[in-house]
Amino acid sequence: MALEAAGGPPEETLSLWKREQARLKAHVVDRDTETWQRDPAFSGLQRVGGVDVSFVKGDSVRACASLVVLSFPELEVVYEESRMVSLTAPYVSGFLAFREVPFLLELVQQLREKEPGLMPQVLLVDGNGVLHHRGFGVACHLGVLTDLPCVGVAKKLLQVDGLENNALHKEKIRLLQTQGDSFPLLGDSGTVLGMALRSHDRSTRPLYISVGHRMSLEAAVRLTRCCCRFRIPEPVRQADICSREHIRKSLGLPGPPTPRSPKAQRPVACPKGDSGESSGEGQPPQDHSPGPRTAPRPGSQEQAGKDWQ
DNA sequence: GCGACAG
DNA sequence: ATCTTGTCGC
């Protein structure tokens with residue numbers, strides 16, 4: 001009877017989850033492991049994946065998980081899979097992965113079995129990577145469990161390690177004048193946790209990019225830039241569209257026919273002229289301390305309990 | 001008690 | 001995350 005709907009999972013569950021995060025965190029590789037990641041034009045990169053989970057409005061359980069794969073640099077959808085799922089874990093800030101990752105993992109494994117040739121070389125994940133309470137956000141979590149390079153792409157700043165969406169932060173955002181402008185997110189601990197990135201000329205609100213797995217922050221930001229026709233990078237945006245559309249269909253709701261009047265002519269992503277950008281101008285001294293760490297092997301995967309209900 | 005709160 | 005309608009600018 002006494003559901004913890006209002007209070008969230010018990011302390012015991014959070015404790016287990018924290019231990020699981022700490023265990024998996026040891027496997028995160030926060031540097032480039034692929035040759036294309038170091039190439040200025042990302043030559044060698046052909047497929048970029050995106051994942052997302054959308055929710056059914058009045059329902060706290062039903063949701064749709066989607067995985068899409070886009071060609072690079074064209075950014076055309078070459079694969080998409082959506083699946084209705086029943087969520088078991090509640091959303092708790094800092095533990096998003098325990099809610100979403102199991103289903104995303106299934107989608108990746110299904111692709112691995114049925115269309116291995118379409119396996120993405122990197123995944124853009126809705127949420128944070130190392131920019132996280134314990135340095136292990138959903139992008140790290142999915143990265144370690146799939147062993148795919150992953151990038152964390154968050155739409156809001158997770159206020160962690162002294163990072164605050166305060167007046168100073170907002171002022172820095174105001175200084176991001178054009179597409180590609182960015183500034184580092186330096187935590188109190190002295191670590192660069194991620195970058196705030198203006199991903200599009202027509203969007204004031206930045207993205208918060210952080211390392212997920214097997215990719216440097218520099219490459220992560222550069223790749224994100226190359227994937228942005230709009231504010232949200234295409235892989236994530238397409239995954240979002242797919243999952244919402246799938247929910248509509250499954251609910252038998254009226255869907256938008258084809259809202260395209262003129263010939264579909266879409267913006268190009270990758271800016272060519274400037275490869276560098278205006279980060280850190282007129283700001284406190286910011287040095288790059290990558291702190292490369294190696295990680296042995298993925299290890300075994302166990303379920304860290306779904307015993308809060 | 002107050003404030004924060006990725007998705 | 002989810003919902004909503006209009007409004008503004010090119």
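Charges on Cβ only, +1 for Lys and Arg, -1 for Asp and Glu, centred on the Cα centroid of the range A:28-251; of A:Leu118, A:Leu67, A:Ser203, which one is farthest towards the dipole's positive end?
Selected residue: A:Ser203.
Where in the range A:207-247 does the amide nitrogen come within less than 20 Å of the point 7 Å from the Cα of A:Leu118, taken along Cα to Cβ?
Within reach of a label on A:Leu118: A:234-247.
What distance in nm separates the simple spin-label points at A:Asp39 and A:Gln110, each placed 7 Å from Cα in the Cβ direction?
Going from the A:Asp39 label point to the A:Gln110 one covers 3.1 nm.
Using a 10 Å cut-off on Cβ atoms, rank the peptides A:137-145, A:50-58 from the highest mean neighbour count down.
A:137-145, A:50-58
Calculated FRET efficiency, A:Arg23 and A:Lys249, Cβ-Cβ r, R0 45 Å, to nearest 0.05?
With a Förster radius of 45 Å, E is 0.70.
In nm, give the distance between the simple-model label positions of A:Val56 and A:Glu74, each being 7 Å from the Cα along the Cα-to-Cβ direction.
Label-label distance for A:Val56 and A:Glu74, simple model: 3.6 nm.
Pop out the carbon and sulfur fraction of the accessible area of the range A:127-185 as a percent, whole number, probe 1.4 Å.
Working: 1080 of 2130 Å².
Carbon with sulfur: 51 percent of the solvent-accessible area.
Could you give P(r) for the range A:28-251, binned at 10 Å from zero, as whole percent values over all Cα-Cα pairs?
Once binned at 10 Å, the Cα pair distances of the range A:28-251 give 9, 35, 38, 17, 2.
What is the magnitude of the charge dipole of the range A:1-153 about its Cα centre, with +1 placed on the Cβ of each Lys and Arg, -1 on the Cβ of each Asp and Glu, and no other charges, expressed in debye to the nearest 20? Please report the intermediate quantities before stating the final value.
On the way: 14 positive and 20 negative charges, 76 e Å.
For the range A:1-153, the charge dipole is close to 360 debye.
The values are calculated or read from the model by the stated rules, or taken from the named source; none is laboratory data. Since the structure is predicted, the reported quantities are computational estimates derived from the model, not experimental observations. Reconstructed Cβ throughout: ideal geometry from the backbone, glycine too, with neighbour counts over all protein chains shown. SASA here: full protein model, heavy atoms, side chains in, ligands and nucleic acids out. Shrake-Rupley method; radii C 1.70, N 1.55, O 1.52, S 1.80 Å.
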